[in-house]
Structures are given as structure tokens and as C-alpha cells.
Amino acid sequence: MTWGNRSLLMEFEFLAYPSHPELRVLSFVGVSLVYTLIISGNVLIVVAIQTEARLHTPMYYFLGSLSGIEICYTAVVVPHILANILRPEKTITLLGCATQMIFFIGLGSADCFLLAAMAYDRYVAICHPLQYPLTMTLTLCVRLVMASVVIGLFLSTQLVAFIFSLPFCRARSIEHFFCDVPPVMRLVCANSHVHEQSVLVAATLAIAMPFFLIATSYTFIVAAVLKIHSTAGRHRAFSTCSSHLSVVLLQYGCCAFMYLRPNSSYYPKQDQFISLVYTLGTPLLNPLIYTLRNSEMKGTLGRVLTRNCLSQNN
């Protein structure tokens, strides 16, 4: 089997993993702990939204979908990272690398588009409250979530097919923990300027376009909130958006830094740290941000955990 003139079994080697046994053990324990917290936190949110009838609203449907996507998003790379920490040979085949990149970039892009859908939900709720039940129907919510995933995976498939159609250099060492666009693009032996522009266009569609939609939604939201005369009313309106804004700034800050820049500004050590932030940090912080800032979610999670404890004791 070949892809172009290359074997699908051709291997890349990852160079970012620690070599000392003590560091490998610490890394494995640390990543395992964070991954357990990510899965637990996001699963709890999904279960809470499913079991609590009061949370069967568009805002919480989007939140549950975001948690579901982030469970899949981390599952694409974190188990592979944990396996590589323990293995003496940290390698991946060309086909495995391409597959990992498709789902990692695709689900990350789906996150961005879903955050744009959540911003639209807040725009309708605050700027057109009387039309909200008629506009934000379950059908529309499902379509927006499905569109986010399909568009994200479509864009990532096109991008990855383009990258892996390029000629790679003889050196097949990736200075990273997994197959991401910037470190893999460093292995390409071709006219880098043209290819960088193509990658930037794809990144702009997946990152800048939904961010523009979010910024537009919040421009209208701020204008509407400023017209509210009551201080309590303004605070209530802004409080429904604060969690979403915090997640948007965290997600888009990391993504823009990694993908909306030329390949010449790639620094392996710095980028490895940033990639860990949006691979482990963002999925870990999102459940915390949404629960700590939302009294309804905190109350529901408390009841879910209490019911589980009581059922285990019985």
C-alpha cells in the first residue's frame, strides 16, 4: 500500500518525550491524572445535563455537546502520548500520523465552530428574548452541532490530504508529542512559502471565521446590555456570557498562536508547551469555568454526585 510514492507504513519518530526514567514516570503520572480529571469533569457535565430536566435548554445542550467533543478530542492524542511515554520507541506510521491529525484538527475546529454557535445562542437570548423559544429550537441546535463537527472534519481532511501529498525530507523526526500541523510541516522539503500560505488559509477558515462570528455576536450583545437601565439586569445578562467568553479567550488564544503564523516563527520547546495547554489545559479548565461560574450547574452536579454516593452505599 502506498500514498503517492510512499509506504503507508513509513514511520515518524517523536523527539519531545523525556529520556530519563524518573521524568518518564513523573510525566506518565501527571498526564494520567490530568486526563482522568478531564474525562471525569466532562462526563459529569454530560450526565448532569441529561438527567436534570431544568437543564434541557439550548445553552446547556451546546455545553453538553462541547464536553462530548472535548472527550473525543483528548482521546485522539492523550492515550497515544501515555503509551509513548512508556515505550522505548516513540514512533507512528504515516497513515497513523495523518489519521491522528485529521481527528485532532477536525475536533479542535469543531470546538471553535461550536463556540460560535453558543455565541449566537447568547445573542438571540439577550437581543431577541421574545423570539428565543421560536428561534433556538432543538432541531436548530442539533443542526448547529452536527454542522460544527462536519465542517471541522471536512476542513481538517482537506488540510491533512494537502500536507501529506507534499514531499517529506529524509529526516523523519517530529519535535513534538503527537502529529500536529507546525512540527509536521517542518519535515516538508518543498517551496515552503506557497505551502505555508495554503495552511494559513485553512487555519483562517477554521479559527478566524468562527471568531469573527463570535465577535459580531458579542458586539450586538454588549450594545443590548448597555441599554438595560437596571444594574442587576446588566449583571445577570453579562453573567450568562462570562463563562463562554473565558473559554473563547483560552481556546482561541492558543489556537491563533499555533496556527495563524508563519512556519519560520516555530520554536519547538515553546510550541510543545502551548500544545499541552490546549490539549490538556483547555479541556480540563472548561468544565471548571462553566461549573464554578454557574450556580445552576453547581447545584445539579452536587445532586448527581449525591445520588451516586447514596446508590453505592445502598
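Listing for the model above:
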{"item": "Residues with amide H under 5 Å from that of PHE168, placed H, sequence gap 5 or more", "result": "CYS189"}
{"item": "Dipole of the chain, positive direction: furthest Cα of LEU23, CYS169, PHE273, with charges on the beta-carbon", "result": "PHE273"}
{"item": "Estimated vicinal HN-Hα couplings, Hz - the stretch 246-251 in sequence order (Karplus 6.51, -1.76, 1.60; Gly, Pro = x)", "result": "4, 5, 4, 5, 5, 5"}
{"item": "For the chain, size of Cβ-based charge dipole, Lys and Arg +1, Asp and Glu -1, in debye", "result": "540 debye"}
{"item": "Rounded to 5, percent antiparallel among DSSP beta bridges of the chain", "result": "75 percent"}
{"item": "Selected from LEU66, LEU140, LEU155 as most flexible by GNM, with the chain as the system and alpha-carbon contacts under 10 Å", "result": "LEU140"}
{"item": "Percent RCO, i.e. relative contact order, over the chain, from Cα pairs under 8 Å lying at least 6 residues apart", "result": "25 percent"}
{"item": "Nearest-10 value in Å² for the accessible area of VAL149, using the 1.4 Å probe", "result": "40 Å²"}
{"item": "Hull shadow area, averaged, the stretch 7-104 [alpha-carbon convex hull, nm²]", "result": "7.4 nm²"}
{"item": "5 angstrom amide H check on TYR17, placed H, neighbours 5+ away", "result": "none"}
{"item": "C-alpha center-to-center spacing [the stretch 103-140, the stretch 85-100] in angstrom", "result": "36 Å"}
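The values are calculated or read from the model by the stated rules, or taken from the named source; none is laboratory data. Model, not experiment: these values are computed from the prediction. Neighbour counts are summed over all protein chains in view; Cβ atoms, including those assigned to glycine, are modelled from backbone coordinates with ideal geometry. Accessible surface areas use protein heavy atoms only, side chains included; no ligands, DNA or RNA. Shrake-Rupley method; radii C 1.70, N 1.55, O 1.52, S 1.80 Å.
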